[in-house]
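What follows is a single structure, written as structure tokens, with notes after it.
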Amino acid sequence: CAWPAATASATRDFYFLNPAFADYPVVFVDWANAARFCAFVGKRLPTAAEWEVGASYAPATARAYRYPWGDPFLVQAANSGALGLGDTTLVGAYRPTGDSPFGLSDMAGNVAEWTASPAGDGAGANAILVKGGSFRDDTGALQANARATQPADAAAAWLGFRCAAGATQP
């Protein structure tokens, strides 16, 4: 797998190779390299629909929440612009308060995440849907149904990915 486009984070010069950040999100990875890494570990990028279900759907109540933890925004549940930290935090740092009903951490905030879904709607052939919002975003971007688009070759300190397993649903 290719190295990230940069080995720093938003505020840390030595991020990628520093063992102190081994359990933090990988950033500065474009869409192709994120997909390549997921394939390397026998997984794939989730579709935008799969990502949204994992982030907000509560099987016990058969409904989707606005945020992974529920409908009201809770500052203490995610690394967002509301906290003003300006960089990534340890994966799962807001567990269990910020976890989704499926137990997934950081589905809101920390880093926005690549999906396998093209943006469509005239966004350009190279545009991909990004979900989850990041440490720099306001509460609207952290909502589970919020969508952002990025060119597939984008790589940024606020942009990362997660891998999914299993078959996709049509």
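The values are calculated or read from the model by the stated rules, or taken from the named source; none is laboratory data. Bear in mind the structure is a predicted one, so any value in this text is a computation, not a measurement. Cβ: placed from backbone, ideal geometry, glycine included. Neighbour counts: every protein chain shown. What goes into the accessible areas is simple: the full protein's heavy atoms, side chains included, and nothing from ligands, DNA or RNA. Shrake-Rupley method; radii C 1.70, N 1.55, O 1.52, S 1.80 Å.
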Counting only residues 5 or more apart in sequence or on a different chain, those whose built amide H sits under 5 Å from that of Ala64 are Ala58
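Taking the Cα centre of the range 1-84 as origin and charging only Cβ (+1 Lys, Arg; -1 Asp, Glu), how large is the dipole, in debye to the nearest 20? List each step's numbers first, then the result.
On the way: 6 positive and 6 negative charges, 29 e Å.
With Lys and Arg at +1 and Asp and Glu at -1, about 140 debye.
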CD proxy at 222 nm, helix term only [per DSSP H run n ≥ 4: -39500 (n - 2.57); per residue of the chain; nearest 500]: -3500 deg cm²/dmol
For Arg147 and Asp13, extending 7 Å from Cα along the Cα-Cβ vector and measuring point to point gives, in nm, a value of 4.2
Ala116 long-range amide H proximity, modeled H, under 5 Å: Thr47, Ala48
Just the Cα atoms of the range 39-96: what Rg and Dmax do they give in Å? 13.9, 38
Karplus 3J(HN,Hα) series, Hz, for the range 14-28 with 6.51 cos²θ - 1.76 cosθ + 1.60 (x for Gly, Pro): 10, 10, 4, 9, 7, x, 5, 10, 4, 9, 10, x, 7, 10, 6
Quick check on the chain: what are the equivalent-ellipsoid semi-axes from the Cα gyration tensor, as sqrt(5λ), descending, whole Å? 22, 20, 15
Quote the charge dipole size of the chain about the Cα centre in Debye, to the nearest 20; the model charges only the Cβ of Lys and Arg (+1) and of Asp and Glu (-1). 280
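Taking all protein chains together and a probe of 1.4 Å, list Trp69, Trp114, Trp31 from the most accessible to the least accessible.
Listed by decreasing accessible area, they come as Trp31, Trp69, Trp114.
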The answer for Val130, listing residues at least 5 apart or on another chain whose modeled amide H is closer than 5 Å to its amide H, is Ala148, Thr149, Gln150
How many angstrom lie between the C-alpha centres of the range 29-74 and the range 91-152? 8
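Once you have a ≥ b ≥ c as the square roots of the Cα gyration tensor eigenvalues for the range 83-139, tell me rounded if a/c is under 1.5, and otherwise prolate or oblate according to whether a/b is larger than b/c.
prolate
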Please report the carbon-and-sulfur percent of the accessible area for the chain; probe 1.4 Å, protein heavy atoms only, DNA, RNA and ligands left out. 56
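What does the extension gain come out to for Val41 and Thr61, with contour length at 0.36 nm per residue minus their alpha carbon separation?
3.9 nm
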